[in-house]
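Below is one structure, written out as structure tokens; the observations come after it.
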Amino acid sequence: MPRLNFFLQKTARGSKARAARFTTLHGEVETPVFMPVGTQATVKSQTVETLKETGSSVLLANTYHLLLRPGPEVFRKLGGIHSFMKWDRPVLTDSGGFQIFSLPHSRRMNEEGALFQSYVDGRMILLTPELSIETQKAIGSDIMMVLDQCIPSTASEPEALAAMELTHRWALRSLNARGESPQSMFGIVQGACYPELRKRSADFLTKLPFDGFAIGGLAVGESKQERETFTELAAGMLPEQLPRYLMGVGTPIDILEAVHRGVDMFDCILPSQLAQRGTAFTSLGKFQLRRSVYKFSEERLDPACSCVTCADYSRAYLHHLVKSDEVLGWHLIARHNIHFYHQLMKEIRKNILNDTFHAYYEKKRIELVRTDEENPSTPFIPAKPKRSEKRLKLGDYEVHHNPSGFSSIRQVSSGEIMHSVNPPELEARTLYLEPSQIPERLKVQDEIVIWDVGLGAASNAMAVIDAHKNLEEPKKIRIESFEIDLDPLRLALKNNHLFKHLRSPAPNALVKEGAWRSPEGRLQWRLFQGDFLNQMDKAAPPDLVFFDPFSPKVDGPLWTANCFKRIFRALKDQNSMLMTYSVSTLVRALLLSEGFYVGSGAPSGPKAETTVAFAGRPAPGSGVKLLGAAWLERWERSGAKVPLNLSAREIPEFEETIRRHPQFTGE
């Protein structure tokens, strides 16, 4: 018998949008509902009081993080999460499945569960369905999620099938682990972007006694159109008399579209995360409060909003707080954003009940994609003085302002943008720093040499320098940066108010003197200016290669077999590795042809994965999944499986080299 007493009140005419209510152990919930994300038993920058004031009725907490700290024993002793954080309304806990997906280089998967290393104390922990549910029972959440295996939505069909079937087996174990607990539990439908797999997953799970169902495996690499298509498909396969939850989505327009397709529940970190960068969602569109147009603006943030932020503070003050990196700015904008999300849900619910949703949807889907540049309330700013314009351009490069509130460098001639989707410091950390496992390497090595190929605006090198400061026992690191044109770094340094990672003496010294050494002498950074292929022999053999040049269209010689061959020969030993943002089939084939073992790297922005290559077969504890038979099959079908410069005689030899690589033969 379902534990939530779900009651479907109305389905909108001309839409699949639903209004409903259900009752949890800590109160009633009206849908559609947005759940702010309180990862570690707190919504970042907010208090319980401000959350209630914004209209929050359900919070989401993270099982993975709460398992590591403070630990289930704390929740058992202190009476669960509600008394622990003084929140007397419902809580939903995710299972840790998405965090497993987010740690491709720090965990190993098997039938039993996911083995990963704690970022708190270094312990190895096996997260099983049973441990996930026992932790959620200790936390005392109103709604628990089964442990699932989340994979990129762009995964191959065999990979998606295997993950779906494992999720089903884990779902059975999760249900069994719940026992007689009065807490509700949701199953999670998987199947990536394969309609038949989605149907099989829904058919299997809906036969089990779950209290609701989540749609998993979306917002992890697919296009917006694919997400909407598969949201509607999956929602239509789920029971009408149980709640439907789309995990990890999303922006206001994403939520509106998903409600239109039959979804009831949502969670996302964006209201708080974007607030930290100065982004506010308003009835007039999305505002970037870092923009100088707000420096003298006395207007309220959103004239249609009744929240405390809009009632008491001007856009000018919020602009000042954001530019000054004051925590109060994050708090006030996040408070407004969360209020905006809840008001949107109330409006949607009201229009469903009044049978006016379809007209509301058509109107709102236009309003929700506006930006402040399109709004008449945005002050007119005359053309900037030429001096200011010059500060934003240098040679063939210019500063690019991303709509999400961060800046990067764009090459004018090619149009290519360094870090077009994620902030530079985030991409550096995700793609290069974390997969390289520098702290673990330094436990067995006295020194690490890193080749930084494609210095750009120095985001990758500075990520290493910042991480080195936080090592408990700093050992020696040598960064060897290669760059043919220093204009991107010079331009970023001229505008270091837009590039926080450059607020250090290190990059200035590198440009002026070609080298920098940390005060204690344990970190050395050298610049090799000129063509990489001419400079690489001058550098020390690397342990790690951060391969981050422009694309083959711009830096063609760096994406050839010859370049990868020379890098492979230069590597220090069998444990050396290369990381790159590319997921090109040909690039991976070139790496394999020169002797690298090649695996899937961390996701980045719209890419569900990147590429990691090893000088030898990686150790079992690396956490990296090597390319397997599924990739080899895709390569065989690819129209870009061999380099264009190969002769007819050379092509069969190249192809056979890939097929006979020990990575695929198991030798």
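The values are calculated or read from the model by the stated rules, or taken from the named source; none is laboratory data. Here the structure is a predicted model, which is why all the values come from computation and not from measurement. Positions of Cβ are generated from backbone atoms using ideal geometry, with glycine treated the same way; all protein chains shown enter the neighbour counts.
Results, tabulated for the structure shown:
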{"quantity": "Residue list for segment 196-215, restricted to those being under 24 Å from ALA19 (Cβ atoms) and part of a loop (DSSP other than H, G, I, E, B)", "calculated": "THR206, PHE210, ASP211"}
{"quantity": "Residue tally, condition loosely packed, with under 12 Cβ neighbours inside 10 Å, modelled with pLDDT under 90 and part of a helix (DSSP H, G or I), over segment 363-412", "calculated": "7"}
{"quantity": "Members of segment 284-312 found to be surrounded by 15 or more Cβ atoms within 10 Å (Cβ to Cβ), among the hydroxyl-bearing types (Ser, Thr, Tyr) and out of contact with any Leu (no Cβ under 6 Å at 6 or more places or on another chain), listed by number", "calculated": "TYR294, SER297"}
{"quantity": "Checklist (1) modelled with pLDDT under 90; (2) assigned to a strand (DSSP E or B) applied to ILE450, failing item", "calculated": "(1)"}
{"quantity": "Selection count, segment 223-254, where residues are hydroxyl-bearing (Ser, Thr, Tyr), assigned to a loop (DSSP other than H, G, I, E, B) and either touching a Lys or Arg at 6+ places or on another chain (Cβ under 7 Å) or in the same structural domain as ARG365 (by TED's automatic domain parsing) (or both)", "calculated": "0"}
{"quantity": "Condition met for ALA589 (of a type outside the set (Val, Ile, Thr), farther than 16 Å from VAL453 by Cα and buried (at least 18 other Cβ atoms within 10 Å of the Cβ))", "calculated": "yes"}
{"quantity": "Some residue of segment 100-118 being modelled with pLDDT of 90 or more and in contact with a Lys or Arg (Cβ under 8 Å, 6 or more places away or on another chain)", "calculated": "yes"}
{"quantity": "Failed criterion for GLU257 (all others in (1) of a type in the set (Asp, Glu); (2) surrounded by fewer than 21 Cβ atoms within 10 Å (Cβ to Cβ); (3) in a helix (DSSP H, G or I) hold)", "calculated": "(2)"}
{"quantity": "Qualifying residue in segment 474-488 (condition: touching a residue at least 12 places away in the same chain (Cβ under 8 Å) and in contact with a Pro (Cβ under 6 Å, 6 or more places away or on another chain))", "calculated": "no"}
{"quantity": "Residue count for segment 177-212, restricted to those that are surrounded by fewer than 20 Cβ atoms within 10 Å (Cβ to Cβ) and within 12 Å of LEU238 (Cβ to Cβ)", "calculated": "3"}
{"quantity": "In segment 132-156, the residues that are among the hydroxyl-bearing types (Ser, Thr, Tyr) and surrounded by fewer than 24 Cβ atoms within 10 Å (Cβ to Cβ)", "calculated": "THR135, SER153, THR154, SER156"}
{"quantity": "Helices (runs of 4 or more DSSP H) contained in segment 478-537 and holding at least 2 residues in contact with a Gly (Cβ under 6 Å, 6 or more places away or on another chain)", "calculated": "487-494"}
{"quantity": "Test for GLY216: is it within 14 Å of LEU246 (Cα to Cα), touching a residue at least 60 places away in the same chain (Cβ under 8 Å) and crowded, with 23+ Cβ neighbours inside 10 Å", "calculated": "yes"}
{"quantity": "Unique residue being out of contact with any helix residue (DSSP H, G or I) (no Cβ under 7 Å at 6 or more places or on another chain) and at pLDDT below 95 when the list is GLY38, GLY97, GLY27", "calculated": "GLY97"}
{"quantity": "Test: ILE338 is among the β-branched types (Val, Ile, Thr) and more than 28 Å from the chain's Cα centre (by Cα)", "calculated": "no"}
{"quantity": "Selection within segment 502-532 - under 22 Å from ASP396 (Cα atoms) and touching a residue at least 24 places away in the same chain (Cβ under 8 Å)", "calculated": "LEU502, PRO507, LEU510, VAL511, LEU527, PHE528, GLN529, GLY530, ASP531, PHE532"}
{"quantity": "Hits in segment 517-548 (condition: surrounded by 18 or more Cβ atoms within 10 Å (Cβ to Cβ) and at pLDDT below 95)", "calculated": "LEU523"}
